[in-house]
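As structure tokens, the structure follows; a few thoughts come after it.
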Amino acid sequence: MHTRRIGDVEVSAIGLGAMPMSIEGRPDEERSLATLHAALDAGVTLIDTADAYHLHADEVGHNETLIAKALASHERGGEVLVATKGGHLRPGDGSWTLDGSPRHLKEACEASLRRLGVEAIGLYQFHRPDPKVDYAESVGAVRDLLDEGKIRMAGISNANPEQILQAQDILGGRLVAVQNQFSPAFRSSEPELRLCDELGIAFLPWSPLGGISKAGELGSTHGAFARIAEARGVSPQRVCLAWMLAKSPVVVPIPGASRPETIRDSAAATDLVLTADEVAELDAA
């Protein structure tokens with residue numbers, strides 16, 4: 001497994017987005033644990049989660065609890081950087097709501113600490129801007145958590161270039177990661193990716209394969225990925241992740257998975273080196 005850096009931590013170049021194991025359509029716990037263990041066996045050392053990854057109102061943090069159980073039951077669990085998030089909520093009716101207030105973020109962080117069973121969260125990310133709260137106040141709460149030692153590193157998610165620069169300033173140059181949606185079908189985060197590249201900040205594409213329900217359609221909806229995959233004898237999904245890795249050394253994709261075979265295939269993307277012509281073809285696809 002090739003590695004990249006988030007802040008001062010070396011992580012696998014491909015991470016695991018754990019959300020599919022806790023929301024709609026989630027598998028049973030046995031398969032989820034098998035998926036998480038398969039990721040560790042494949043050399044994955046970055047797992048992304050959030051307190052809002054759950055179904056019902058009374059199971060906030062379902063995904064964090066699941067990850068803590070998987071790490072505690074695997075010999076390599078201690079090598080993993082767990083990245084979690086706060087500021088998003090799920091009332092239990094299928095909707096997503098926001099609370100970026102400093103009070104909520106600090107309470108959410110404390111709850112995540114308990115569920116993960118750690119003294120400090122490896123990477124804590126402000127999940128999504130809340131239009132009802134000044135962005136500086138939300139990021140200021142993350143700064144406070146960093147200063148207090150409750151979190152080791154700070155990140156933001158679903159941010160635009162202005163917010164990235166603002167967060168970097170508020171955090172005193174300690175912003176280490178930006179997590180935005182980015183995939184062959186969703187490329188509007190290119191400006192954020194380029195800015196992160198310039199600043200040396202890790203860029204974590206979420207839903208890099210188009211989302212758990214559409215990942216299997218990647219080859220049929222984006223022909224260039226299918227053509228190169230066939231020529232290389234690999235899956236279009238693996239080509240997609242290799243393409244992202246080729247775009248910048250700061251990119252660390254976090255594809256979702258709910259089956260062991262899926263994360264094994266994604267992890268293998270670090271060994272697929274595309275030619276400049278292939279990357280150009282995929283850029284234009």
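Assorted remarks:
- Residues located in region 92-126, provided they are open to solvent by 40 Å² or more (accessible area, probe 1.4 Å), modelled with pLDDT under 95 and touching a helix residue (DSSP H, G or I) at 6+ places or on another chain (Cβ under 6 Å): none
- Of the set (1) open to solvent by 40 Å² or more (accessible area, probe 1.4 Å); (2) more than 26 Å from residue 38 (Cβ to Cβ), all apply to residue 201 but (1).
- Matching residues, region 188-214, being among the basic types (Lys, Arg) and at pLDDT 95 or above: 194
- Restricting attention to region 17-75, the residues that are closer than 19 Å to residue 211 by Cβ and of a type outside the set (Lys, Arg) add up to 22.
- Of all the listed residues (74, 54), the sole one being farther than 27 Å from residue 162 by Cα, in a loop (DSSP other than H, G, I, E, B) and over 19 Å from the mean Cα position of the chain (by Cα) is 74.
Residues are listed down the side, and each one gets a yes or a no for (1) open to solvent by 40 Å² or more (accessible area, probe 1.4 Å); (2) part of a helix (DSSP H, G or I); (3) in contact (Cβ under 8 Å) with a residue 12 or more places away in the chain:
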| position | (1), (2), (3) |
| --- | --- |
| 156 | no, no, yes |
| 166 | yes, yes, yes |
| 169 | yes, yes, no |
| 173 | yes, no, no |
| 188 | yes, no, no |
| 192 | no, yes, yes |
| 195 | no, yes, yes |
| 208 | no, no, yes |
| 218 | no, yes, yes |
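- Restricting attention to region 220-271, the residues that are assigned to a loop (DSSP other than H, G, I, E, B), crowded, with 19+ Cβ neighbours inside 10 Å and among the aliphatic types (A, V, I, L, M) add up to 3.
- Inside region 127-142, residues that are open to solvent by less than 80 Å² (accessible area, probe 1.4 Å) and in a helix (DSSP H, G or I) make up a count of 7.
Residue by residue, here is whether (1) closer than 26 Å to residue 154 by Cα; (2) out of contact with any helix residue (DSSP H, G or I) (no Cβ under 6 Å at 6 or more places or on another chain); (3) buried (at least 19 other Cβ atoms within 10 Å of the Cβ) holds:
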| residue | (1), (2), (3) |
| --- | --- |
| 10 | yes, yes, no |
| 26 | no, yes, yes |
| 30 | no, yes, no |
| 48 | yes, yes, yes |
| 54 | yes, no, yes |
| 67 | yes, yes, yes |
| 72 | yes, yes, no |
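- Every residue from region 175-186 that is open to solvent by 30 Å² or more (accessible area, probe 1.4 Å) and part of a strand (DSSP E or B): 181, 186
- Residue 242 being of a type in the set (A, V, I, L, M, F, W, C) and under 19 Å from residue 179 (Cα atoms): yes
- Residue tally, condition acidic (Asp, Glu) and under 24 Å from residue 196 (Cα atoms), over region 1-33: 2
The values are calculated or read from the model by the stated rules, or taken from the named source; none is laboratory data. Since we're looking at a predicted model, the values are computed, not measured. No Cβ is skipped: glycine too gets one built from the backbone with ideal geometry, and neighbour counts run over all protein chains shown. In case anyone asks, the SASA skips ligands and DNA or RNA and just uses the protein heavy atoms, side chains included. Shrake-Rupley method; radii C 1.70, N 1.55, O 1.52, S 1.80 Å.
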